[in-house]
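Engineer: Sharing a structure here in structure tokens format.
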Amino acid sequence: FIHLPITTGSIFIFWTWLCIAFSDVGAYFVGRKYGKTKLGALFPAAGATSPNKSVEGYLGGSAVSAGLGMIGAWVQKWPYWLITGAVHGFLLALLGLIGDLTASMLKRDAGLKDFGNIIPEHGGIMDRVDSFVWSAPYSFLVCVYFIPALRKLTGT
């Protein structure tokens, strides 16, 4: 057996993944139940690339992601964990949506329905990781610069 230590970075990556994944799940279920306002009504480009997404779904996914972000910030003992976790979760949901829309735009421009058949029920492998396109660089900046600076500023 290889025993790998659980580091702050690994916890951060895991919690980031949870926020993004459950943002998609929350958006799907809230959008199915309450989705009335299509995202394309507010942002025409979003409607052209992903016509089934709704504002209500996005807000539901953001709420789930913000809640998980707060739990993750508490676990990691971030300064001002309620606000920093909620903002982090909200931004992950937003960047995840932008990544999803970016991939959908590229897919439609290429004339593809799905990104491969590795995971056919979910539109291919890229549909599982497209949310990380924009959230990964943001998360790197938070982990390496923002949280350490906030800890130094608050003395924690």
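Engineer: Can you tell me which residues in the stretch 113-123 are under 22 Å from Gly47 (Cβ atoms) and either at pLDDT 75 or above or surrounded by 14 or more Cβ atoms within 10 Å (Cβ to Cβ) (or both)? Write out each step before concluding.
Structural biologist: Of the stretch 113-123, the ones under 22 Å from Gly47 (Cβ atoms) are 113-115, 122-123.
Scanning the stretch 113-123 gives Asp114, Phe115, Gly123.
Engineer: Please indicate, with yes or no, whether at least one residue in the stretch 75-83 is of a type outside the set (Phe, Trp, Tyr), modelled with pLDDT of 95 or more and in contact with a Gly (Cβ under 8 Å, 6 or more places away or on another chain).
Structural biologist: no
Engineer: When the stretch 139-156 is examined, which residues are found to be out of contact with any Ser or Thr (no Cβ under 9 Å at 6 or more places or on another chain) and at pLDDT 90 or above? Talk me through it step by step, then tell me what you get.
Structural biologist: As a first pass, look at the stretch 139-156 and keep what is out of contact with any Ser or Thr (no Cβ under 9 Å at 6 or more places or on another chain): 140-141, 144-145, 148-149, 151-156.
Correct list: Phe140, Leu141, Val144, Tyr145, Pro148, Ala149, Arg151, Lys152, Leu153, Thr154, Gly155.
Engineer: Name the residues in the stretch 1-50 that are among the basic types (Lys, Arg) and either closer than 19 Å to Asp100 by Cα or touching a Gly at 6+ places or on another chain (Cβ under 8 Å) (or both), would you? Working first, answer last.
Structural biologist: Start the filter on the stretch 1-50 by keeping residues that are among the basic types (Lys, Arg), which leaves 32-33, 36, 38.
Residues satisfying the conditions are Arg32, Lys38.
Engineer: List the helices (runs of 4 or more DSSP H) that sit entirely inside the stretch 1-109 and contain at least 3 residues that are among the polar types (S, T, N, Q) and in contact (Cβ under 8 Å) with a residue 40 or more places away in the chain. Talk me through it step by step, then tell me what you get.
Structural biologist: Details: elements: 8-34, 39-42, 44-49, 55-75, 81-109.
The qualifying helices (runs of 4 or more DSSP H) are 8-34.
Engineer: Quick check on the stretch 6-26. Is at least one of its residues in contact with a Ser or Thr (Cβ under 6 Å, 6 or more places away or on another chain), closer than 19 Å to Ser131 by Cβ and not hydrophobic (A, V, I, L, M, F, W, C)? Even if it seems obvious, please write down each step before you answer.
Structural biologist: Going residue by residue through the stretch 6-26, those that are in contact with a Ser or Thr (Cβ under 6 Å, 6 or more places away or on another chain) are 16, 19-20, 23.
From what is left, the residues that are closer than 19 Å to Ser131 by Cβ are 16, 19-20, 23.
Retained after the next criterion (residues that are not hydrophobic (A, V, I, L, M, F, W, C)): 16, 23.
Within the stretch 6-26 (the criterion being in contact with a Ser or Thr (Cβ under 6 Å, 6 or more places away or on another chain), closer than 19 Å to Ser131 by Cβ and not hydrophobic (A, V, I, L, M, F, W, C)), the answer is yes, since at least one residue qualifies.
Engineer: Search the stretch 80-109 for residues being within 18 Å of Phe132 (Cα to Cα) and of a type in the set (S, T, N, Q), and hand back the single one that is surrounded by the fewest Cβ atoms within 10 Å (Cβ to Cβ).
Structural biologist: In this case the residue turns out to be Thr102.
Engineer: Filter the stretch 31-44 down to the residues that are exposed (fewer than 13 other Cβ atoms within 10 Å of the Cβ) and under 15 Å from Leu94 (Cβ atoms) and list them by number.
Structural biologist: The initial filter retains those residues of the stretch 31-44 that are exposed (fewer than 13 other Cβ atoms within 10 Å of the Cβ), namely 33, 36, 41-42, 44.
Across the stretch 31-44, the qualifying residue is only Leu42.
The values are calculated or read from the model by the stated rules, or taken from the named source; none is laboratory data. In this text the structure is predicted, and so the values were computed from the model without any measurement. Glycine also receives a Cβ, built like all others from the backbone with ideal geometry; neighbour counts cover every protein chain displayed.
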